Amino acid sequence: MKFLVDGVANGAPISPKFAFGNIPAAGNFELSDNINPHLAWGDAPADTKSFAVIVHDPDVPSSGKDVNQTGKTVPSDLPRVNFYHWVLINIPADHSEIAEGADSAAVTPTGKTAGQHPHGRTGINSYTDWFAGDADMGGEYGGYDGPCPPWNDSIMHHYHFTVYALDVETLDLDGAFTGAQALAAMAGHILDQASQMGTYSMNPEVRDAA
């Protein structure tokens, strides 16, 4: 398959336009534009019946102990876990792109509702867990929400955009399903897939070094 994430060159830094957080002129953090990039794909197998898109970051700290703490740094040797930024399934087989801003055009405090859209069915992303218990931001985060790694992390984060061609029209998932649940439901149904990866850091030293 061919796959293009417009504006996110493979292996290159992601623009803050597509991120949830940005490095401000002063201080450690500010909200960013949080616009989903334009995706386009082609050359899928002839018997493809639907597509799915997963965006994940495998570099998220497994412990939040030192995350975003003044005077501390998240160490590079800390074990890392997956953080899902976009979970989208049941994309019709006659679709070959998702327009920029179609799934997210800004940060939505407490999250966007997961569910059916013309471009497919969205599940919840990992901000749902990250903001759990937060009085201002807590909620179920459906659809796309972009990068926002810890501003004191010592490593660059890598964001993998993957499109899957599936041999079923729909996956048997509804409600607040997660990235892990979507991948489990896809198992045995993937005909082909293609990925593109961009990088992002909220730590000025890491970003400048790259």
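Looking for something of a type outside the set (A, V, I, L, M) and in a helix (DSSP H, G or I) - is there at least one such residue anywhere in the stretch 17-34?
Filtering the stretch 17-34 down to residues of a type outside the set (A, V, I, L, M) leaves 17-18, 20-22, 24, 27-30, 32-34.
Among the residues that remain, those that are also in a helix (DSSP H, G or I) are: 17-18.
Checking the stretch 17-34: at least one residue is of a type outside the set (A, V, I, L, M) and in a helix (DSSP H, G or I).
Of all residues in the stretch 1-27, which are under 24 Å from GLN69 (Cα atoms) and in contact with a helix residue (DSSP H, G or I) (Cβ under 9 Å, 6 or more places away or on another chain)?
PHE20, ASN22, ILE23
Residue check: is THR162 in contact (Cβ under 8 Å) with a residue 12 or more places away in the chain, assigned to a helix (DSSP H, G or I) and hydroxyl-bearing (Ser, Thr, Tyr)?
On the way: in contact (Cβ under 8 Å) with a residue 12 or more places away in the chain: yes; assigned to a helix (DSSP H, G or I): no; hydroxyl-bearing (Ser, Thr, Tyr): yes.
When the stated conditions are applied, THR162 does not pass them.
What residue, among those in the stretch 175-210 that are free of Cβ contacts under 8 Å to residues at least 40 places away in the same chain and not in a strand (DSSP E or B), is surrounded by the most Cβ atoms within 10 Å (Cβ to Cβ)? Working first, answer last.
So the first thing to find is which residues in the stretch 175-210 are free of Cβ contacts under 8 Å to residues at least 40 places away in the same chain, and the list is 184, 187-190, 205, 208-209.
Subsequent filtering for residues that are not in a strand (DSSP E or B) retains 184, 187-189, 205, 208-209.
Numbers: ALA184: 12, ALA187: 7, GLY188: 8, HIS189: 15, GLU205: 11, ASP208: 8, ALA209: 9.
By that ranking, first place goes to HIS189.
Out of the residues in the stretch 24-39 meeting the condition of being aliphatic (A, V, I, L, M), at pLDDT 95 or above and farther than 25 Å from ALA93 by Cβ, tell me which one is surrounded by the most Cβ atoms within 10 Å (Cβ to Cβ). Full working, then the answer.
If we filter the stretch 24-39 for residues that are aliphatic (A, V, I, L, M), which is where we start, we get 25-26, 31, 35, 39.
Next, only the ones that are at pLDDT 95 or above stay: 31, 35, 39.
From what's left, farther than 25 Å from ALA93 by Cβ: 31, 35.
Working: LEU31: 14, ILE35: 22.
Restricting to residues being aliphatic (A, V, I, L, M), at pLDDT 95 or above and farther than 25 Å from ALA93 by Cβ, the top hit is ILE35.
Would you please name the residue that is surrounded by the most Cβ atoms within 10 Å (Cβ to Cβ), looking only at residues in the stretch 104-117 that are touching a residue at least 40 places away in the same chain (Cβ under 8 Å), of a type in the set (Gly, Ala, Ser) and outside any strand (DSSP E or B)?
So the residue we want is SER104.
For the stretch 90-103, how many residues are out of contact with any Leu (no Cβ under 7 Å at 6 or more places or on another chain) and assigned to a strand (DSSP E or B)?
2
Restricting to the stretch 136-156, what's the tally of residues that are surrounded by fewer than 24 Cβ atoms within 10 Å (Cβ to Cβ), touching a Phe, Trp or Tyr at 6+ places or on another chain (Cβ under 6 Å) and over 16 Å from PHE29 (Cα atoms)?
Qualifying residue count for the region: 1.
Any chance you could count how many residues in the stretch 55-89 are over 17 Å from MET202 (Cα atoms), assigned to a loop (DSSP other than H, G, I, E, B) and not basic (Lys, Arg)?
Qualifying residue count, the stretch 55-89: 5.
The values are calculated or read from the model by the stated rules, or taken from the named source; none is laboratory data. In this text, all values refer to a predicted model and were calculated from it rather than measured experimentally. Positions of Cβ are backbone-derived with ideal geometry, glycine not excepted, and every protein chain shown enters the neighbour counts.
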